[in-house]
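**Student:** Handing you a structure now.
The values are calculated or read from the model by the stated rules, or taken from the named source; none is laboratory data. As the structure is a prediction and not an experimental result, all values here were calculated from the model. Only protein heavy atoms, including side chains, enter the accessible area calculation; ligands, DNA and RNA are left aside. Shrake-Rupley method; radii C 1.70, N 1.55, O 1.52, S 1.80 Å.
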Amino acid sequence: MILNDLLNLFYPRLCLLCQRSLVEGEEHICLHCSNHLPYTHFTDMETNPVCLLLQGKTSFVAATALLHFTKGGSGQKLIHSLKYHGNKKLGYELGRMAATTYRETGLFDTVDLLLPVPLHPKRMRQRGYNQSEWIARGIQSVTGIAIDTSSLSRIKRTESQTRKQRSERHKNVEGIFHPSNADALKNKHVLLLDDVITTGSTIGACAEAIKDIPGIRISILGITVV
């Protein structure tokens, strides 16, 4: 306890968004900033903008996202900290937030497995972690749903999607995912998880890779949507 107090004195924990000191019980984001995040408030899992974005691209049971991602906004700052600044534990907290927000909507009621969008092995070695897997860990801590990181693989390394146009994004992810253990996904309702949904091309490619597995049902959750 004394050691923690000394560490906080010389190396205070600061809110990622406002840089104010965090108090006991706050992790990464202060309560004020947490209450003012750009929540989407997408409660309709069939007609919200994420669903409309994915319609016609793949089959799914439900789809939604927690936060809006806007340039320079808090959603972007959180995702950049998660992906590019080594802040994997932020993914855990964002997953907990998503689980708490959507638990009452029934999104998780029939889900059997949490399926994080996989990274290519080379990207995984460079980053040291899969941000979507840490999001899944946070969701699991609230819902108790099992995480599957071995049944879907990324078999091709692609260029970053960030600077690509919509049509280029879809071409960039064609055929990059493959079910490495289809039997484990048979007759399962899986929840695909990603940090950012922009055009839906990446998570749509994931869904396309597993959609023909017998009895599978697919739902989709992004932490942010552009």
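**Student:** How high is the relative contact order of the chain, given as a whole-number percent (alpha carbon pairs under 8 Å, six or more residues apart)?
**Tutor:** Relative contact order, the chain: 22 percent.
**Student:** Tell me which lysines have Cα within less than 16 Å of Lys186's Cα, excluding those fewer than 8 residues away on the same chain?
**Tutor:** Lys211
**Student:** Moving on to the next point. Excluding same-chain pairs closer than 8 in sequence, count the lysine pairs in the range 18-171 whose Cα atoms lie under 19 Å apart.
**Tutor:** 12
**Student:** A further question on this structure: What value, in deg cm²/dmol to 500, does the helix sum -39500 (n - 2.57) over DSSP H runs of n ≥ 4 give at 222 nm once divided by the residues of the chain? Let's see the in-between values first.
**Tutor:** Details: 9 runs with 83 residues, N = 226.
Here the helix-only value at 222 nm equals -10500 deg cm²/dmol.
**Student:** Sticking with this structure for a sec: Return the sequence-ordered ³J(HN,Hα) values of the range 120-136 in whole Hz as given by the Karplus equation 6.51 cos²θ - 1.76 cosθ + 1.60 applied to θ = phi - 60°, using x for Gly and Pro.
**Tutor:** 5, x, 5, 5, 4, 5, 5, 7, x, 6, 9, 4, 5, 5, 5, 4, 4
**Student:** Mean shadow of the range 170-226, computed from the convex hull of its alpha carbons, in nm²?
**Tutor:** 3.8 nm²
**Student:** Could you tell me how many degrees, from 0 to 90 and to the nearest 10, lie between the Cα long axis of helix 201-210 and the main elongation axis, the longest principal axis, of the Cα atoms of the chain?
**Tutor:** 50 degrees
**Student:** With viscosity set to 1.306 mPa s and temperature to 10 °C, compute the Stokes-Einstein D of the range 71-135, Rh being the Kirkwood radius across alpha carbon pairs; µm²/s, no decimals.
**Tutor:** Diffusion coefficient, whole number: 122 µm²/s.
**Student:** Also: What angle do you read, to the nearest 10 degrees and between 0 and 90, between the alpha-carbon axis of helix 74-84 and the longest principal axis of the chain?
**Tutor:** Taking Cα atoms only, the helix is inclined about 80 degrees.
**Student:** Also, quick follow-up: Kindly write out, for the range 43-50 in residue order, the coupling ³J(HN,Hα) from the Karplus curve 6.51 cos²θ - 1.76 cosθ + 1.60 (θ = phi - 60°), rounded to whole Hz, with x marking Gly and Pro.
**Tutor:** Whole-Hz 3J(HN,Hα) from phi for the range 43-50: 9, 7, 7, 10, 10, 6, x, 5.
**Student:** Now for a separate question. Which residues' amide hydrogens lie under 5 Å from the amide hydrogen of Ser153, considering only partners 5 or more residues apart or on another chain, with H built in the peptide plane?
**Tutor:** Correct list: His178, Ser180.
**Student:** What accessible area per residue comes out for the chain, rounded to a whole number of Å², with a 1.4 Å probe?
**Tutor:** Values: 11780 Å² over 226 residues.
Accessible area per residue: 52 Å².
**Student:** For a quick check: with amide H placed at 1.01 Å from N, whose amide H comes under 5 Å from Val225's, ignoring anything fewer than 5 positions away on the same chain?
**Tutor:** Leu67, His68, Phe69, Ile197
**Student:** State the volume of the convex hull built on the alpha-carbon positions of the chain, expressed per residue in Å³ and rounded to an integer.
**Tutor:** Numbers: hull volume 29.8 nm³, N = 226.
Measuring per residue, one finds 132 Å³ for the Cα hull of the chain.
**Student:** Would you mind telling me the share, in percent, of accessible area of the chain contributed by carbon and sulfur at probe 1.4 angstrom?
**Tutor:** Carbon and sulfur atoms account for 50 percent of the accessible area of the chain.
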